[in-house]
Amino acid sequence: MLEPDEVSAILRLNELGWGSKRIARELGISRNTVKEYIAAGGWTPYRQPQRKKALEGQESWLKERLRQHRGNADVIRQELAAEKGIVVCLRTVERAVQRYRQELAAEARATVRFETAPGKQLQIDFGERLVEIGGAKVRVYLFVATLGYSRRHHVRAFRNERQENWFDGLESAFMKFGGVPEEVLFDNARALVVEHDAITRTVVFNDKLSAFAKHWGFRPRACAPYRARTKGKTENGVGYVKRNAIAGRAFPSWDALEAHLEAWTREVADLRQHGTTGEPPIERFRRAEAQALKPIVGRPPFQAAREVIRRVQADCAVEIDGNAYSVPWRLIGEMVRVMIADGLVRIHHGIHEVAVHPICAGRRRRVVDPEHFAGLTGFRSNRAAALAGSSVAPHSPALLRPLGEYEAIVGGGF
């Protein structure tokens with residue numbers, strides 16, 4: 001493409017009577033180029049030839065499929081070939097949907113703030129954090145419940161995030177707040193939600209959760225999949241607990257951690273001026289929300305229980321939550337049913353209850369009833385009698401033994 005001054009020279013020479021061949025030879029350019037500029041009468045910008053795009057006319061289809069497949073361009077490429085017979089590379093599809101992808105990302109980030117009426121909603125969630133307890137790093141699961149109107153918190157520490165911990169945390173929140181809200185909003189945790197269709201928003205709750213909600217009289221509600229910010233009050237609350245109550249602190253024991261969380265909630269979280277409401281949560285709670293909650297007077301605990309099936313191992317024990325609980329040795333290799341409830345582990349074989357132990361709070365511990373080894377070859381009967389005749393009953397936590405002591409109890413194995 002020639003510069004404007006070169007085109008002007010062509011036109012001046014043409015006005016002087018020079019032919020296109022002579023002008024081309026003089027300026028060192030193509031004769032056809034000279035003819036084109038003489039015919040145009042001056043300089044014209046270069047125009048890239050327009051080519052038909054492979055995905056032209058598919059804009060609305062591409063936008064709808066991008067939303068349906070949550071931004072997966074490769075799936076769209078496959079469906080283009082299967083449904084429309086259009087075979088293109090992945091990069092072509094990515095370029096075509098780029099502008100729609102930006103809209104989808106903006107829509108995902110957009111959040112409409114809403115305020116709930118007093119007593120309307122309680123939001124709950126778990127957050128995990130490594131905490132120094134007794135000189136060792138322990139993974140702690142923090143249960144945080146936040147009342148939607150007053151922003152008052154309830155915090156509990158657990159060793160895992162099982163269903164019974166969700167229920168225990170909720171029941172303790174109801175007890176602390178002195179009532180039950182109309183609904184409880186939570187994430188799509190597997191312990192609570194069986195299925196949640198992101199398109200139809202159909203939710204299938206766990207049967208025990210449905211029974212728990214019916215017992216306490218609230219409506220369970222799961223937030224939209226991939227939209228945890230719909231329960232933003234608790235999301236922020238979990239972060240607040242981690243940063244303010246836990247960060248940089250060490251505790252001599254688990255009981256000390258629980259006592260600290262209780263004191264922190266009472267003396268710090270309840271009394272601070274909330275950034276959104278401009279009021280201390282405890283004042284807002286007492287003024288409008290306390291009386292809006294459903295009373296719980298006379299309502300017993302739900303008593304959440306867990307049932308599992310285990311095979312009795314060669315060490316005459318079954319493993320539950322990282323701890324071993326002894327079973328009569330004659331049941332080695334048999335399948336048993338284990339009920340965990342009310343602080344006890346109850347083990348059944350058929351219709352018979354064959355063992356009862358207290359739940360061990362630690363991990364890699366062994367709970368032993370010496371009677372379960374009576375009659376076993378190699379087991380020292382005098383040791384069994386000493387243990388059975390001691391002041392320590394089989395159900396006492398004093399029988400929680402480290403693994404190193406187990407062989408000493410059974411007399412060197414079988």
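The values are calculated or read from the model by the stated rules, or taken from the named source; none is laboratory data. Fair warning: this is a prediction, and the values are worked out from it, not measured in the lab. Because the Cβ atoms are built from the backbone with ideal geometry, glycine has one as well, and the counts that use them run over all protein chains shown.
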Across the stretch 173-197, what is the number of residues that are within 17 Å of residue 211 (Cβ to Cβ) and touching a helix residue (DSSP H, G or I) at 6+ places or on another chain (Cβ under 6 Å)? 3
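Each row is one residue, and each column tells you yes or no for (1) among the aromatic types (Phe, Trp, Tyr); (2) out of contact with any Cys (no Cβ under 9 Å at 6 or more places or on another chain); (3) surrounded by fewer than 17 Cβ atoms within 10 Å (Cβ to Cβ).
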{"position": "313", "(1), (2), (3)": "no, yes, yes"}
{"position": "316", "(1), (2), (3)": "no, yes, no"}
{"position": "325", "(1), (2), (3)": "yes, no, no"}
{"position": "332", "(1), (2), (3)": "no, no, yes"}
{"position": "347", "(1), (2), (3)": "no, yes, no"}
{"position": "356", "(1), (2), (3)": "no, yes, yes"}
{"position": "362", "(1), (2), (3)": "no, yes, yes"}
{"position": "370", "(1), (2), (3)": "no, yes, no"}
Residue 75 passes all but one of the listed conditions (1) surrounded by 15 or more Cβ atoms within 10 Å (Cβ to Cβ); (2) in contact (Cβ under 8 Å) with a residue 12 or more places away in the chain; the exception is number (2)
Which helices (runs of 4 or more DSSP H) sit wholly inside the stretch 232-287 and have at least 3 residues that are within 27 Å of the chain's Cα centre (by Cα)? 232-240, 254-264
Residue 297 fails exactly one of the following numbered conditions: (1) touching a strand residue (DSSP E or B) at 6+ places or on another chain (Cβ under 9 Å); (2) of a type in the set (A, V, I, L, M); (3) more than 24 Å from residue 191 (Cβ to Cβ). What is the number of that condition? (1)
For the stretch 71-83, which residues satisfy the criterion of being over 14 Å from residue 53 (Cβ atoms) and not small (Gly, Ala, Ser)? 72, 74, 75, 76, 77, 78, 79, 83
From the list 117, 106, which residue is at pLDDT 90 or above and farther than 30 Å from residue 254 by Cα? 117
Any residue at all in the stretch 370-377 that is within 34 Å of the chain's Cα centre (by Cα) and either modelled with pLDDT of 90 or more or of a type outside the set (Ser, Thr, Tyr) (or both)? no
If residue 270 meets every condition in (1) among the acidic types (Asp, Glu); (2) free of Cβ contacts under 8 Å to residues at least 60 places away in the same chain; (3) under 30 Å from residue 145 (Cβ atoms) apart from one, which number is that one? (2)
Take the conditions modelled with pLDDT under 90, of a type outside the set (D, E, K, R) and over 25 Å from residue 103 (Cα atoms) and apply them to residue 68. Does it pass? no
Taking the stated definitions as given, is residue 67 within 30 Å of residue 3 (Cβ to Cβ) and assigned to a helix (DSSP H, G or I)? no
Taking residue 96 as the residue in question, decide whether it is part of a helix (DSSP H, G or I), in contact with a His (Cβ under 7 Å, 6 or more places away or on another chain) and in contact (Cβ under 8 Å) with a residue 40 or more places away in the chain. no
Collect the residues in the stretch 306-325 that are closer than 21 Å to residue 167 by Cβ and aliphatic (A, V, I, L, M), keeping them in residue-number order. 308, 320
Here, strands (runs of 3 or more DSSP E) confined to the stretch 305-350 with at least 1 residues that are aliphatic (A, V, I, L, M), within 15 Å of residue 373 (Cα to Cα) and over 30 Å from the mean Cα position of the chain (by Cα) are 317-320
Residue 307 being of a type outside the set (S, T, N, Q), modelled with pLDDT under 90, closer than 30 Å to residue 214 by Cβ and exposed (fewer than 12 other Cβ atoms within 10 Å of the Cβ): yes
Being in contact with a helix residue (DSSP H, G or I) (Cβ under 8 Å, 6 or more places away or on another chain), surrounded by fewer than 15 Cβ atoms within 10 Å (Cβ to Cβ) and outside the structural domain of residue 199 (by TED's automatic domain parsing) narrows it down to one residue among 15, 83, 26, 64; which is it? 26
